[in-house]
Amino acid sequence: MKKKEIFWLIGTILFVIVFFFGPSGFRSFDLTGDTDINVHDTYYVIPTIHLFILINSLIFFGVYLIRMLRRNFKNLTANLIFMISDITLILIFTFLISLVNSIREIPSSTEYPPLSGGIVENAGNGWNNAFYILFIIQLILIILLTISGIKTGLNYRRNE
């Protein structure tokens, strides 16, 4: 790894630390705490470490996506760091999709045909939209991972 890559990696790590811990005044430096998220009348309590991993993955993904595209997939270290952060985001979005899928409901529907023989109306809600948006984002992440893997493999083979 070149010195420039080490500086980029350390700079990105410092940016993540300042971005995550800066607004709270380093009070939440203990990652064993919990974060409450209020959705309507329900509180979701998640460990702070999970939020830290999400923010860390998003920042690394953004920084190294720009670095990878600017260097035209020629920097092997930047490509590998990008692919690792992309795989992490794919796993996070898989969890989020399963969470939203368990929350969403289809109003005005029944699990069995109505006795009256009427038509069951399936009207969507916001959770259905969130499910499809997360699914599309995950497909885009998988496509980016595939393209970056192919380009990295081709450039790495040429350099040997």
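No value in this document is a laboratory result; all are computed from the given coordinates. Please read all numbers here as calculations on a predicted model, not as lab measurements. Cβ sites come from the backbone with ideal geometry, for glycine too, and all protein chains shown count toward neighbours.
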Open item on the list: Between Ile46 and Leu145, what is 0.36 nm times their sequence separation minus the Cα-Cα distance? Round to one decimal in nm.
Closed with: 32.9 nm
- [ ] Pop a pseudo-label 7 angstrom from the Cα along the beta-carbon direction at both Ser102 and Val18 and give the gap in nm to one decimal.
- [x] 3.8
- [ ] Tell me the label-point distance for the pair Phe95, Thr77, using the 7 Å Cα-to-Cβ offset, in nm and rounded to one decimal.
- [x] 2.9
- [ ] Under 14 Å from the Cβ of Phe60, count the other residues' Cβ atoms, weight Lys and Arg +1, Asp and Glu -1, and hand me the total.
- [x] -1
- [ ] Quickly rank 69-82, 41-54, 132-145 as a protection proxy: mean count of other C-beta atoms within 10 Å, highest first.
- [x] 69-82, 132-145, 41-54
